[in-house]
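Comments concern the structure below.
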Amino acid sequence: MTARLVLVGCGHMGYAMLAGWVGSGRIAAGDIVVVEPNDAFRDRAAALGCITASGADGLPADIAPEIVAIAVKPQAIRDVLADYARFGNGATTFVSIAAGTSVATFESLLGENTPVIRCMPNIPAAIGKGMMVVYANAHVGAEARRFVADLLTASGEVASIDDEKLMDAVTAVSGSGPGYVFHFIEALTAAARTAGLPAETAARLAVQTVYGAAVMAAESGEEPGVLRQQVTSYKGTTAAALDVLMGEERLTRLLTEAVEAARKRSIELGS
């Protein structure tokens with residue numbers, strides 16, 4: 001059987017990336033086999049036109065994929081990889097989006113010569129606005145690197161690192177970061193309601209303000225600190241609010257503590 005890619009796991013992140021790959025036309029749905037035990041998750045992959053299977057035993061014996069993408073929870077990684085050991089130490093490149101799972105784990109279970117690309121995406125990949133960071137071992141060939149990079153750009157921005165130890169920090173910043181931003185929107189909405197705004201208006205103002213500021217930060221070419229200064233009039237309303245957020249580096253300190261907690265948890269998951 002000919003299949004360029006086998007996707008193992010089609011939960012929230014797996015499906016987000018799959019939808020981006022297929023929707024962008026970077027790979028045909030018929031060239032993808034999705035392995036997913038959950039009926040509802042498997043059905044939505046099938047609705048995109050992908051070939052589906054409920055388990056590894058449903059894969060044809062003669063299948064030889066270019067890529068096997070692993071999108072399962074880190075706690076299940078060892079059990080799952082055992083089912084795909086026949087693709088190890090060969091031409092198949094494994095792409096991992098399992099948080100905290102090292103390349104060494106893949107090599108130990110699949111063979112030390114297995115090409116492995118470790119990727120940390122985030123949930124905005126579902127709308128093509130994700131941030132993907134990759135690390136590849138020495139066995140990944142140039143063609144596989146290009147193919148995977150092309151797939152990932154369908155889901156957003158892609159960056160690479162040369163030191164795998166930094167992946168825990170990546171996980172804590174961009175991987176978990178959308179959760180921090182969603183909570184900030186929650187908090188800003190609550191503050192708006194406390195200030196007297198109706199619930200619907202408060203939510204709309206909070207979401208659009210964060211969205212607009214993020215787009216401006218991404219597209220203006222200015223450093224965020226410069227933009228902050230540009231919108232802060234001397235002794236004005238923004239200055240009064242920033243005195244609260246920046247006093248004693250409150251927000252910076254809180255985010256630093258949050259990122260460090262996430263980084264440590266990523267290390268724990270990996271061990």
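The values are calculated or read from the model by the stated rules, or taken from the named source; none is laboratory data. Here the structure is a predicted model, which means the values were calculated and not measured. Here the Cβ positions follow ideal geometry from the backbone for every residue, glycine too, while neighbour counts run over all protein chains shown. Remember, those area values only see protein heavy atoms, side chains included, never the ligands or the DNA or RNA. Shrake-Rupley method; radii C 1.70, N 1.55, O 1.52, S 1.80 Å.
Results, tabulated for the structure shown:
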quantity: Percent of beta bridges antiparallel (DSSP, the chain, rounded to nearest 5); calculated: 15 percent
quantity: Reference-scaled alpha-carbon Rg (2.2 N^0.38 Å with N residues) for the range 172-231; calculated: 1.26
quantity: Charge tally in the Cβ shell below 13 Å around ALA241, where Lys, Arg are +1 and Asp, Glu are -1, ALA241 excluded; calculated: +2
quantity: Accessible surface of THR237 - all protein chains present, 1.4 Å probe, nearest 10 Å²; calculated: 120 Å²
quantity: 5 Å-binned pair-distance histogram of the range 97-223 (Cα, whole percent); calculated: 2, 10, 15, 17, 16, 12, 9, 7, 5, 4, 2, 1, 0
quantity: Net charge contributed by nearby residues that have their C-beta within less than 9 Å of ILE27 (K/R +1, D/E -1); calculated: 0
quantity: Mean accessible surface per residue for the chain, computed with a 1.4 Å probe while every protein chain stays in place, in Å²; calculated: 54 Å²
quantity: Debye, to nearest 20: dipole size of the range 1-154, +1 on Lys, Arg Cβ, -1 on Asp, Glu Cβ; calculated: 440 debye
quantity: Net charge of Cβ neighbours under 12 Å - reference PRO115; Lys, Arg +1; Asp, Glu -1; calculated: -2
quantity: As computed over the chain, the Cα convex hull volume per residue (Å³); calculated: 149 Å³
quantity: With every protein chain in place, the chain: carbon and sulfur % of accessible area (1.4 Å); calculated: 56 percent
quantity: Relative contact order of the chain, pairs being alpha-carbon contacts under 8 Å that are 6 or more residues apart, as %; calculated: 16 percent
quantity: Leading residue at positive end of dipole, the range 99-211 (Cβ point charges), from LEU205, THR114, ALA144; calculated: LEU205
quantity: More than 20 angstrom apart: percent of Cα pairs within the range 1-113; calculated: 35 percent
quantity: Equivalent ellipsoid dimensions for the range 35-189 as semi-axes, Å, which come from the Cα gyration tensor, largest first; calculated: 26, 20, 15
quantity: Percentage relative contact order, the range 1-81, counting C-alpha pairs under 8 Å, at least six apart; calculated: 42 percent
quantity: Partners for LYS73 among lysines (Cα-Cα distance below 24 Å; same-chain residues under 8 apart left out); calculated: LYS129, LYS165, LYS264
quantity: Per DSSP, loop chymotrypsin sites (Phe, Trp or Tyr not before Pro) in the range 178-271 with at most 16 further Cβ within 10 Å; calculated: TYR234
